[in-house]
Amino acid sequence: MEGQSVTQITTEVGLNRERVHAAQQMLTAFFVLAKTARVYETNNDSYQGQLFRFCELLRRYMDENFSCTVKVIKKRLFVDDQFVTVDSDDRIGVRLMLDRWHELGIGGLVFGDAVSAEDVTALVRLLWTFAIPGGDPFEQISRQLAREGIDSVSLIDITRLNEDSDIDLEDRQKIRRQARDTFFRAIRNVKEVMLVTDRDEPIVVSRTKRIVHSVIDQVSNDGSALMELASIKNFDEYTYAHSVNVSIYALTLGFRLGLSRPELSELGVAALFHDVGKAKLPRDLVTKPGRFDDFDWVQMRRHPLLGAITIAETMRLDSHSARALVAAYEHHINPDGTGYPTLSEPRQINLYSRIIAIADTFDALTSGRVYIKQAIPPDEVLRKMVYQMAAKFDNFLLKLFVNIIGIYPVGSLVLLTDRSLGIVTKTNPAELSRPEIRLIADRDGRKTVPEWFDLADPANRSVDVARCLDPDQYGINVTKYILSD
Amino acid sequence: MDDIISEHLSQEFTSNIKLLLRDFLKLIKVLAIYPADNPLPAKMRRSLCSRFTEIVNEFGGLAFSIQPDRIYFNKEEVFSDRGAEERLAGLFFDAGIIQLNFLAGLSEEEIDTFFGVLKNFMNDMSPERDLVSVLWQEQLSFIKYRTVDDLALDEQQTEMMIREICSTYDEDSSSGWCIDVNEISLDETEDEPSASSPASDVTEDARQMGLSLEPAATDNHTIENLLTNSYTPVGEEQKEIARLLAENRNFDPFRSVTRTLLEILDQWNDLKPYSETIGICEKVLDQILGKGEFGAAADFVHSLRSRQENQPSGKANYAERLAGFLRRAGDHERIGRLTEIINTQETVDTDAVELYLESLGWESLPHVTGMLGKLVSKKARLTICNYLARRGVDHLGIIVNGIRDKRWYVVRNTVMILGRIGGERVIDFFAVTAGHSDQRVRSETFRALENLKSDRVVDLLTRFLSDDDPDLREMALTTLGRIGGRGPFEAVGDVIRSQSFGSFTLEEQEQYLIVFSHLGGSEVTDFLDSIVSSMGWLPSATKMRYRLAALKGLAYNKSNDAEKLLLSYTRSRRKWLRDAAAAALEYRRKLMYNGGSIRDADHD
């Protein structure tokens, strides 16, 4: 539904009605046929009548829709991804058929366009009569179908239906597009908020919340596309992108921690606004490309205080703004109370502030815009955070974060042991050293059409990641790949 | 034929949708009124859930377009709001929802959850209530919505934004590049060290954080050593996560914000930002009070007062700014707003209210006194009275302003407060209110006087003997009878001898005689005897009542003369007198030896 216009959705639902009706009729006829096959011989008039009816309905359905895939997901029937109920008084009969499918390891059927009445009869008969001797029933029944020459109908393995990783290319592209939409809308929103605060106008949070909710939904399903976008560092206006990156990293960590949806919403907004105080600093200071002098730093160190004040001034007091205010103030204060601003009395640093501190430092160091005016590869940043700067972070949260980012963080350019080059697109929590990547250069170093390559796939075990590379060193614009489907 | 049938089905279907929405609204209204366990709404809810899912799944989904006061389905109007009580479209539109879709696959559980969300939303009166956020939190798989914000966001073309925000993304400095991968070592430790960046490239801040450009410990200390291949927090780490989450849930937004603002104040060495921050503190205080968080508000004001009192002498201006804040915290406008806030609350945390008032300066007392006239809750008014009684001891002049108020309830409340303050000082004011035109004020004055210990109190109490209100007269009589002494005796006697005594009811007259006798002792026995023995012109029934009243009075008279008189009556030739006297004697002895009081006369 996201990204669709009102008219599109309405039209779609209207068209759906006819399609659903046709699918329902066809499916109902199939189950009636299956039931009849159980009772009568296939040359019986009743069976033949039902067979004719089903084939006719199937043909009519496929004339409009070109394919017919029936799946059972969580005890619900779907025809071509459309939920359908079976219009039958004999629900027990339907249940029996579906139980039989389950017993045989069948998650669904795919009818090809050349399906004949004979094929249907053979299928239905087989479904009832196939004996399961032992071993994998699905594999055996599939082989039996092939032996009988039935190639116009294929079976869907029930285990494939339940695999979360079974995302086809179209789904992957859709996820990446959605992630881009969300990411850039978030940047635009942060920019608008910063401009508004610069004019001392009130901040209306509703749109920010909608964006944060989109981020959370994507992080909950598969946050790798967003993490990939967060690895882009060559934005013209870094401040805004930085806020979005911090939000993505913070929400990923928060999700991993088990924060509830309302809590994630608060964290996301707080992370987006953690540097809102910079809107009150001179613009040329914030965007200064060269190193900061001492005076610059004195001013820059005021941004947490300014951020807290800005939020208090411009946002209505509620749980979101309270969290944002505290995080804006605390995100540069270390767990031991050092850092800035200097505290006049000890205080327990809030959980969200500690999360944001980690995300903020990671993004700042990988971008090379703040602490060091050169980008550091993410894996090295993690090493520095753990071994040089550990006292500045909550160590437990840092450990979780390192685990999320992984050995080869998303967006990293990696050299494989077969000398091909790729960009990490997704970490593999079960095996961190074997992420999913997108190959961009062959083993001769030549640029190729990008293709997905999952190192965790058993077929790819012979190849490992050798090391991370600095893309700038080789003039490779990783951004372009990340921003493509 | 098919077209006619389709059209007919379409019309029928649309009618069904209209009915469905009407029932939808009815259910929401019922849910908002009835308790959750009431069978009527539960039954309605189940029925509607079932119908709703049936229609949605039969039709393959329903998509509604929402306008400020209308709902459309397939471009046809299926609902329009009729007034404040019938706002279904408005409910969604005001929350920003312009499209609401129910998808095929919708289950009864999910639509039931949706109804629950709406019910809670309608009962939530807080200004920051956000229906869209609540729906989002529920993660409804088959109920989707679009908001005005989504529409605005959709207008932002991602491709344009990419070009606007990331102008270099199209560049590829080595288009058609080909890298000599064989030149790259598979082992990064074999790389030649890059030209070392001078340490000054690391900022001071970074240095303070421990950051250096030297590579972090390598080889034996790589990240892999930190991570196992299948890292899942276990044991102590699971406990740590649980602890972090539990601690997080204890976050107090109001106290956290105020604590941060106090910290910020302490940061400033410049008066201008300090003053501006004080202004923000005022704004935040208003918002905290607006949410009824009086405890947090009290803490905040106390902390600021403490800072004001402890400002070093060189920062008199800072102290003055804080003093201004503290004055304004209890000014007329703020106290007025506080009153409104308390009046809107279903249950008032009176302890917290009192805590907040305690944090204010004495300058707020006149405004707080004014609250009494506007507070709806009796419990809240009592709290204010208690507070004023405590603070008013040192500021009586402010409290007594209410004595002259035109509103009777303000006068009454002021009397209540003065009564609690007590002491000689307040008695003069009661002299004024004892004669107030409103009985409720006089009644409160009486109650206040009852608890005071002073000779002057008796004088004032005697005034109530001739009050227009019989209840007050009775209370005064009983109290004076209990107090005893010359003053009350003479006062009661004056009333009995007055012309107005004749207008009292017989019961009241009886009471007066009893009290008179109790107070007068031997001084009144002749008088009572004259009543018992009188042969005057009064009708016999009335005469008898008086005689019996006089005899009862003698029962309450502790003097020996009374005893003798009663004994003489027991030897009378008149039987009624003998019997009555005997009863009176017995009663008298019971009173004298078993500790009966004048109050017992009420129960005879």
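For this structure, a couple of remarks:
- Of all residues making up region A:226-248, the number that are touching a residue at least 60 places away in the same chain (Cβ under 8 Å) and either within 11 Å of chain B (Cβ to nearest Cβ) or farther than 15 Å from A:A359 by Cβ (or both): 7
- A:T361 meets the conditions (1) surrounded by fewer than 23 Cβ atoms within 10 Å (Cβ to Cβ); (2) under 26 Å from the mean Cα position of the chain (by Cα) in every case but one. The failed one is (1).
- Residues satisfying the stated conditions in region A:375-405, i.e. within 26 Å of the chain's Cα centre (by Cα), facing another protein chain (nearest Cβ under 8 Å), closer than 24 Å to B:L245 by Cβ and not aliphatic (A, V, I, L, M): A:F396, A:K399, A:N403
- Helices (runs of 4 or more DSSP H) enclosed by region A:249-348 - at least 3 residues per element that are on the phi < 0 side of the Ramachandran plot, without any contact (Cβ under 8 Å) to a residue 40 or more places away in the chain and surrounded by fewer than 22 Cβ atoms within 10 Å (Cβ to Cβ): A:283-286, A:294-300
Table: residues versus (1) modelled with pLDDT under 85; (2) surrounded by fewer than 18 Cβ atoms within 10 Å (Cβ to Cβ); (3) part of a helix (DSSP H, G or I).
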site: A:E380; (1), (2), (3): yes, no, yes
site: A:P409; (1), (2), (3): no, no, no
site: A:D418; (1), (2), (3): no, yes, no
site: A:L432; (1), (2), (3): yes, no, no
site: A:I440; (1), (2), (3): no, no, no
site: A:Q473; (1), (2), (3): yes, yes, yes
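- If the condition is being surrounded by 10 or more Cβ atoms within 10 Å (Cβ to Cβ), more than 7 Å from every other protein chain (Cβ to nearest Cβ) and modelled with pLDDT of 70 or more, then region B:183-194 contributes only B:S185.
- Residue in region B:73-95 that is crowded, with 20+ Cβ neighbours inside 10 Å, at pLDDT 90 or above, in a loop (DSSP other than H, G, I, E, B) and within 13 Å of chain A (Cβ to nearest Cβ) present: yes
A quick yes/no check of all residues on (1) at pLDDT 90 or above; (2) in contact with a Gly (Cβ under 8 Å, 6 or more places away or on another chain); (3) at positive phi:
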site	(1), (2), (3)
B:S534	no, no, no
B:L538	no, no, no
B:M544	no, no, no
B:R547	no, no, no
B:R571	yes, no, no
B:A584	yes, no, no
B:I598	no, yes, no
B:D602	no, no, no
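- Scope region A:137-162; condition of a type in the set (D, E, K, R) and surrounded by 13 or more Cβ atoms within 10 Å (Cβ to Cβ); matching residues: A:E148, A:D157
- Selection count, region B:242-258, where residues are within 9 Å of another protein chain (Cβ to nearest Cβ), buried (at least 16 other Cβ atoms within 10 Å of the Cβ) and either touching a residue at least 24 places away in the same chain (Cβ under 8 Å) or touching a strand residue (DSSP E or B) at 6+ places or on another chain (Cβ under 9 Å) (or both): 2
- Failed item in (1) within 23 Å of A:Y481 (Cβ to Cβ); (2) modelled with pLDDT of 85 or more; (3) among the aliphatic types (A, V, I, L, M), with A:I167 passing the rest: (2)
- In region B:369-422, residue surrounded by the fewest Cβ atoms within 10 Å (Cβ to Cβ) [restricted to those that are under 26 Å from B:T347 (Cβ atoms) and without any contact (Cβ under 8 Å) to a residue 12 or more places away in the chain]: B:K378
- Single match in A:T427, A:T417 (criterion: under 30 Å from A:A327 (Cβ atoms) and either touching an Asp or Glu at 6+ places or on another chain (Cβ under 9 Å) or more than 11 Å from chain B (Cβ to nearest Cβ) (or both)): A:T427
- Residues that are in a loop (DSSP other than H, G, I, E, B) and surrounded by fewer than 22 Cβ atoms within 10 Å (Cβ to Cβ) were ranked within region B:97-111; the one that is farthest from the other protein chains (Cβ to nearest Cβ) is B:S107.
The values are calculated or read from the model by the stated rules, or taken from the named source; none is laboratory data. Since this is a predicted model, take the numbers as computed values, not measurements. All Cβ positions, glycine included, derive from the backbone under ideal geometry; neighbour counts span all protein chains shown.
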